[in-house]
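Notes follow the structure.
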Amino acid sequence: MAKIQVSTKINNENVDYLCEPHDTMLDVLRNQLELTGSKESCGSGDCGSCSIILDGELVCSCLMLAAEAEGSKLETIEGMSEGGKLHALQQKFLEKAALQCGICTPGFLMASKALLDHNPSPTETEVRFWLAGNLCRCTGYDKIVKAVLEVAEDMKESA
Amino acid sequence: MSDTQYLAASTIEEAVNAHSKANGSARFLAGGTDLLVQIKSGIRKPNLVIDVKKIVELNSIEEISENEFVVGASVSGVNLNRNKKFSKLWPGVLEAFRLIGSEQIQGRASLGGNICNGSPAGDSVPALIAAGCIALIAGPNGKREIPIEEFHIGPGKTVLDNGEMLVSLKFPKREINSSDTYLRMTPRTEMDIAVVGCGVNITFENNVCTAARVSLGAVAPTPLLVKEASKIMVGSDLNSEILDKVSKICMDLCDPIDDKRGTIDYRTKVAGVLFKRATLTTIDRIKGN
Ligand SMILES: Cc1cc2nc3c(=O)[nH]c(=O)nc-3n(C[C@H](O)[C@H](O)[C@H](O)COP(=O)(O)OP(=O)(O)OC[C@H]3O[C@@H](n4cnc5c(N)ncnc54)[C@H](O)[C@@H]3O)c2cc1C
Ligand code: FES
Ligand code: FES
């Protein structure tokens, strides 16, 4: 069967790929484009470890066909640091030990980035609601939530 | 899904034609948050997936006259939430829609997908029935309109014929002193399926109810419009006796499933309770409390 040609912009670079109609965005990111930072844990939209930002919106890349990305802009975890410098959220997650095994971390970072892009000074409740689609079996969430709140606070001070 | 084809339709006509030609083996794709899960688990094996998100009519929110909205079937929760005027006029519809999944799911999930998926527990459906929404449908034989309460004919079954798609939802013109509420009961507080959902939409002026629609979800094979409720509520001041009476009617209409998430008795009782709470919340919203 003929493959579908798709043109996108991923982490600010033009990327074209060929995909099967049934390939998910996550399949193509991981298996073809070697962007393996996004993880597949559930494959059914429940855990958020495959979270990416599609045209400014947070989505699960496991619940999206790669063919749907035609003409879209995607942000993945690989584009989060700039020129080798970690994003403030990545730095804070390290400092606050907001990760253990790390499988959920790329998803939490993308979700937290999307939150702060939309709402630079969220309340704790807003952070918890926003991150409800990301599951973590290790940390107990508290350190993650605190890290996000601290980054928001730092951003306010430096603004 | 290895022999599935993908088509991103750009017009209603293109989508409808492709769907009718496929003779029942095609599925429309909106946010994919139901469909892709079903395809991955092998429940559905369409030969053709027709993406409808690029069709203008399905993806727009229009105020066709003052306080009268038409919402495209594939508009996402995130996008509807950004329309401040709609959110203010229809808080119950919006809260029902926003209950669906996480922020990630909200970025994709649509009202059209929630309705057409046909689950008896779809959260937006009771709120849309209570709102008095009309489904605008397009198909090979032209367009038709039907009230949402007539859209479902059984679990997973809708009135859509081969080739027919849901284009948009037409809301009645919003009158002043009106509001709505949707409440659901789930065993967990978030990310769970309703064991009962209840939508209430009323107009309440000078302490008299002048219009009322009540709908229940997850307590019967299809979401229900509680027709008797309107008759008793309209003309009253919605005192506790009236609410008790309607609550009883809601409970009598229940014909729920019995499972580990909610027994028949539990679901039935909760339906009565949610009706009362949703009505009181709606009155508060109208009074601006
Ligand atoms: C993690 C998670 C949590 C969820 N939580 C909830 C919840 O709390 N409450 C709830 O009700 N649902 C929930 N859902 C289910 C789902 O997200 C909703 O039903 C959603 O509204 C479906 O919309 P969609 O646009 O993704 O539909 P899709 O998956 O694109 O489509 C669903 C069905 O409708 C058909 N369809 C779509 N658009 C049209 C159209 N315009 N015309 C004709 N047919 C059409 C499709 O062919 C398909 O059969 C959840 C799903 C996930 C993955
Ligand atoms: S892998 Fe996508 S949500 Fe779990
Ligand atoms: S750190 Fe292990 S799942 Fe979150």
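Taken over segment B:72-93, the criterion of being more than 14 Å from chain A (Cβ to nearest Cβ) and basic (Lys, Arg) is satisfied by B:Lys84, B:Lys85, B:Lys88. Scanning segment B:161-179 for residues that are open to solvent by 40 Å² or more (accessible area, probe 1.4 Å) and either of a type outside the set (S, T, N, Q) or under 25 Å from B:Pro140 (Cα atoms) (or both) yields B:Asp161, B:Asn162, B:Lys170, B:Pro172, B:Lys173, B:Glu175, B:Ile176. Evaluated against (1) more than 18 Å from the chain's Cα centre (by Cα); (2) closer than 18 Å to B:Gly92 by Cβ, B:Lys260 falls short on exactly one condition, (2). For B:Asn59, indicate whether it is in contact (Cβ under 8 Å) with a residue 24 or more places away in the chain and within 14 Å of another protein chain (Cβ to nearest Cβ). Here the answer is no, as B:Asn59 does not meet what is asked. Yes or no: segment B:16-34 includes at least one residue that is open to solvent by 30 Å² or more (accessible area, probe 1.4 Å), at the interface with another protein chain (Cβ under 9 Å from one of its Cβ atoms) and either closer than 17 Å to B:Cys133 by Cβ or not in a loop (DSSP other than H, G, I, E, B) (or both). Checked segment B:16-34: no residue is open to solvent by 30 Å² or more (accessible area, probe 1.4 Å), at the interface with another protein chain (Cβ under 9 Å from one of its Cβ atoms) and either closer than 17 Å to B:Cys133 by Cβ or not in a loop (DSSP other than H, G, I, E, B) (or both). Residue check: B:Ser41 meets all listed conditions (1) under 15 Å from B:Ser110 (Cα atoms); (2) within 12 Å of another protein chain (Cβ to nearest Cβ); (3) of a type in the set (Gly, Ala, Ser) but one, namely (1).
A search for C-beta distances below 7 Å between a residue of segment A:98-125 that is without any contact (Cβ under 8 Å) to a residue 12 or more places away in the chain and within 14 Å of another protein chain (Cβ to nearest Cβ) and any residue that is away from ligand 3 (no atom under 14 Å from the Cβ) and open to solvent by 70 Å² or more (accessible area, probe 1.4 Å), counting only pairs 6+ apart in sequence or on different chains, returns A:Asn119/A:Glu126.
Here's the yes/no breakdown for (1) more than 11 Å from the chain's Cα centre (by Cα); (2) acidic (Asp, Glu); (3) in the same structural domain as A:Ile52 (by TED's automatic domain parsing); (4) within 11 Å of ligand 3 (Cβ to nearest atom):
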site	(1), (2), (3), (4)
A:Lys96	yes, no, no, no
A:Gln100	yes, no, no, yes
A:Gly107	no, no, no, yes
A:Ala111	no, no, no, no
A:Leu116	yes, no, no, no
A:Pro122	yes, no, no, no
A:Val127	yes, no, no, no
A:Ala132	yes, no, no, no
A:Ala147	yes, no, no, no
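Cβ separations smaller than 7 Å between residues 6+ apart or across chains give the following pairs from segment B:107-123 residues that are more than 8 Å from B:Gly156 (Cα to Cα) to residues that are charged (D, E, K, R) and more than 6 Å from ligand 1 (Cβ to nearest atom): B:Gly107/A:Glu57; B:Asp123/B:Arg184.
Could you tell me whether any residue of segment B:131-150 is away from ligand 3 (no atom under 16 Å from the Cβ), within 14 Å of chain A (Cβ to nearest Cβ), touching a residue at least 40 places away in the same chain (Cβ under 8 Å) and surrounded by fewer than 24 Cβ atoms within 10 Å (Cβ to Cβ)? Within segment B:131-150, none of the residues are away from ligand 3 (no atom under 16 Å from the Cβ), within 14 Å of chain A (Cβ to nearest Cβ), touching a residue at least 40 places away in the same chain (Cβ under 8 Å) and surrounded by fewer than 24 Cβ atoms within 10 Å (Cβ to Cβ). Filtering segment B:1-15 to residues that are within 14 Å of another protein chain (Cβ to nearest Cβ) and in a loop (DSSP other than H, G, I, E, B) leaves B:Met1, B:Ser2, B:Asp3, B:Thr4, B:Ala9, B:Ser10.
Looking only at segment A:77-99, decide whether some residue is under 19 Å from B:Val78 (Cα atoms) and either polar (S, T, N, Q) or open to solvent by less than 10 Å² (accessible area, probe 1.4 Å) (or both).
Initially, segment A:77-99 is screened for residues under 19 Å from B:Val78 (Cα atoms), giving none.
Checked against the condition, which is being under 19 Å from B:Val78 (Cα atoms) and either polar (S, T, N, Q) or open to solvent by less than 10 Å² (accessible area, probe 1.4 Å) (or both), segment A:77-99 yields no hits at all.
Taken together, the residues in segment A:130-149 that are assigned to a helix (DSSP H, G or I) and buried (at least 16 other Cβ atoms within 10 Å of the Cβ) amount to 10. Residue count for segment A:102-121 under the criterion of being farther than 19 Å from A:Ile53 by Cα and open to solvent by less than 50 Å² (accessible area, probe 1.4 Å): the result is 1.
The values are calculated or read from the model by the stated rules, or taken from the named source; none is laboratory data. Keep in mind the model is a prediction, meaning the values are calculated, not measured. Every residue, glycine among them, receives a Cβ derived from its backbone with ideal geometry; neighbour counts consider all protein chains shown. Protein only, heavy atoms only, side chains kept; ligands, DNA and RNA dropped before computing areas. Shrake-Rupley method; radii C 1.70, N 1.55, O 1.52, S 1.80 Å.
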